[in-house]
1. Report the residue, chosen from Arg125, Arg322, Arg285, that carries the largest GNM mean-square fluctuation when the chain is represented by alpha-carbon nodes joined by springs under 10 Å.
2. Kindly provide the GluC sites (Glu not before Pro) of the range 1-108 that DSSP labels as loop, not H, G, I, E or B, and whose Cβ sees at most 13 other Cβ atoms within 10 Å.
3. For Glu13 paired with Ala384, estimate the spin-label separation in nm (one decimal), with each label point 7 Å from Cα along the Cα-to-Cβ line.
4. May I ask for the distance between the Cα centers of the range 120-134 and the range 162-218, given as a whole number of Å?
5. Loop only by DSSP, 12 or fewer other Cβ within 10 Å of the Cβ. Give me the trypsin sites (Lys or Arg not before Pro) in the range 186-258 that pass, ordered by residue number.
6. Determine the distance separating the Cα centre of the range 236-270 from the Cα centre of the range 337-379; give it in Å without decimals.
7. Starting at the first residue of the range 377-383, write each ³J(HN,Hα) from the Karplus equation 6.51 cos²θ - 1.76 cosθ + 1.60 with θ = phi - 60°, in whole Hz, x for Gly and Pro.
8. Counting only other residues whose beta carbon sits under 10 Å from that of Ala332, what net charge do I get with K and R as +1, D and E as -1?
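Throughout, read-outs are computed from the coordinates displayed, never taken from laboratory work. These numbers come from a predicted model, not from an experiment. Glycine also receives a Cβ, built like all others from the backbone with ideal geometry; neighbour counts cover every protein chain displayed.
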Amino acid sequence: MLEPEEALSRILEALADVAPLSTERVSLREALGRALAEDVTASRALPPLDNSQMDGYALRASDALGPGARLRVAFEVFAGTPPPPPLPQGACCRIYTGAPIPEGADCVEMQEEVSRQGAFARFRRPGEQGRFVRPAGLDVALGAVALPRGAVVDPGAAGLAAALGRSELAVYRRPRVGLLATGDEIVPVDRVPEPGQIVDSNSHALFAACLDAGAVPVVLPIARDSRTSLDAALETAEGLDALVSTGGVSVGGKDLVKAALAATGTRLDFWRVAMKPGKPIAFGRRGRMAVFGLPGNPASALVTFELFVRPALRRLGGLPGRGRAVLPARLATPYVKPAGLTHYLRARARVEGGVLVVEPLQTQVSGHLSSVTGFEALAIVPKAAVRLRRGGRVEALLLAPPLGSDHTR
Ligand code: AMP
Ligand code: MG
């Protein structure tokens, strides 16, 4: 059986020839959260012109060598006006923040350091070349790479791209992911379950998880536990970038997903990982499509999605890593388990005295829907560990900010 880390490496290696997906040009809004597929080079300098950092007076520093220099105020320059005329010798000009520095001026003095006397300005201190002048290109030089390929378009990147006049960006395509629920007992959310039936909750949880991973979920028809039904449902996944099924991958008599996948030409790489929850989890490739067979229990499906599918979808979309922090933490309660499997415990996370503390939820039953929400972390208990004390060291994969780490929670 594969260790979880090894399983993830195998998945990412197996996607090397298809990830990242093709690129497309989209508007800044649509680019948000996606990875750039181009270097954004500056076709203009930022700032575009030398401009004033202060409200005050622009002058030649050499015209105010000592304190108390008195210069005629030749004109006024506001932000947003066309470039001003050159500054006459021995004169200064009134200038405001963001306004272009006239040719000849090399210094701005803030108004607090100047006394105005009619048409003249008196400078308390000597001028100094470059004072309060924001030179053109100091922020971003003309031709410089302002945003490198691979960078994630965050709000600031959208602003920077806009400042450079870019209303569209080339980004990697979002992966389109088919979500396939399987099981004779599974009915859609808008049907009242008959005795023995349960609602397909996985497709809804994984729909949200796909969006969170930057992917586009596509819900496929629910398949029954028969080859005919599974084969037909799998056909509908044709052309998608990834397929995520839930249920039917275990070793029960009706667990037919592996066989049905094989029949569609899916090459299964592995189908078991040494972890709890989620031991049965299959991965393979069908042509260019990444195929995941997740366990049916809701918590198992979500945890295995987090550990394996999310990083894979991010890789397809050109996004780096899993987009989560994995940090050292302390267990708030003791934990005992047999050796052999790595356990991923759904846990509250909080910061106490600067230490990250994780407190596993009371129930870790993977079929319980009450325990698939309301946790900030997965506490990772290594396979060899059998008895962890309160305060024992674990790693925590953070899904949300720990409680107490900001002032909003
Ligand atoms: P299986 O691996 O198919 O035996 O499924 C394991 C458990 O997960 C069973 O109790 C199923 O009823 C449940 N399950 C399977 N698919 C879903 C689903 N789409 N939504 C909610 N529960 C499911
Ligand atoms: Mg089933």
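1. In this elastic network of the chain, the residue with the biggest mean-square fluctuation among Arg125, Arg322, Arg285 is Arg125.
2. Glu103
3. Taking the simple label geometry, Glu13 and Ala384 are separated by 2.3 nm.
4. Between the Cα centres of the range 120-134 and the range 162-218 lies a distance of 61 Å.
5. Arg191
6. If you average the Cα positions of each part, the centres end up 29 Å apart.
7. With the stated coefficients, the range 377-383 comes to 9, 9, 7, 9, 9, x, 4 Hz.
8. Net of charged neighbours comes to +2.
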